[in-house]
1. Name the residue that is nearest to Leu87 (Cα to Cα), counting only residues in the range 1-51 that are surrounded by 15 or more Cβ atoms within 10 Å (Cβ to Cβ) and among the small types (Gly, Ala, Ser).
2. Test Leu48 against the criterion of being assigned to a helix (DSSP H, G or I), touching a residue at least 24 places away in the same chain (Cβ under 8 Å) and closer than 17 Å to Trp5 by Cα, and give yes or no.
3. Can you name every residue in the range 88-110 that is farther than 13 Å from Val122 by Cα and among the aliphatic types (A, V, I, L, M)?
4. Being of a type in the set (Val, Ile, Thr) and farther than 17 Å from Glu58 by Cα is the filter here, so list the residues in the range 104-145 that pass it.
5. What pairs can you find where one residue is in the range 16-45 and closer than 15 Å to Ile6 by Cα, the other is part of a helix (DSSP H, G or I) and not acidic (Asp, Glu), and their Cβ atoms are less than 6 Å apart, with a gap of 6+ or different chains?
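FYI, it's all coordinate maths here, none of it is from the lab. What you see is a predicted model; the values in this text were computed from it and never measured. Cβ placement follows ideal geometry from the backbone for every residue including glycine, while neighbour counts extend to all protein chains displayed.
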Amino acid sequence: MKRAWILPMLLVVCGSASAAGLLLRGSPGTAAALLLVFVLLAGVNSPLIFPRSIDALEAQRRSAVDGRPVVFWRPGCTYCMRLRIRLGRDARRLYWVDIWRDTAGAAAVRAANDGNETVPTVLLAGQAYTNPDPAWVREQLSSPA
């Protein structure tokens, strides 16, 4: 869990230090704008923009029941952010597994990707799809199970 927050916290600390330096030089407006940019970057790179993660075994169990896809992701992954943002509200209908918090999820991703932890990996009906097009994922949500 700690690993997921390293980058966001580093961004906040660096932004705060840079803003403090600008504040000491007499540029409060620039300091506030810079701090805001760093805080926004930290938010985008944090686990907060993703729906709540569940463990891989529970996600696969639920997916077997209702046919909804499972998405394996990790914080800081630009492709995961792209998928999440392009799905919009539909992202809540998927099961999200943070591979940095769930070892079984990380193992499932490695098994599907020749030993690599390539994310996002979407699991649908037992078949893994690595970095699929968000439009395709949305289609899978609207098609009958």
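1. The residue in question is Ser46.
2. Answer is no for this residue.
3. Selection gives Ala104, Ala107.
4. Thr118, Val119, Thr130, Val137
5. Cβ pairs passing all conditions: Phe38/Leu11; Phe38/Gly15; Leu41/Leu11; Ala42/Pro8; Ala42/Leu11; Ala42/Val12; Asn45/Leu7; Asn45/Pro8.
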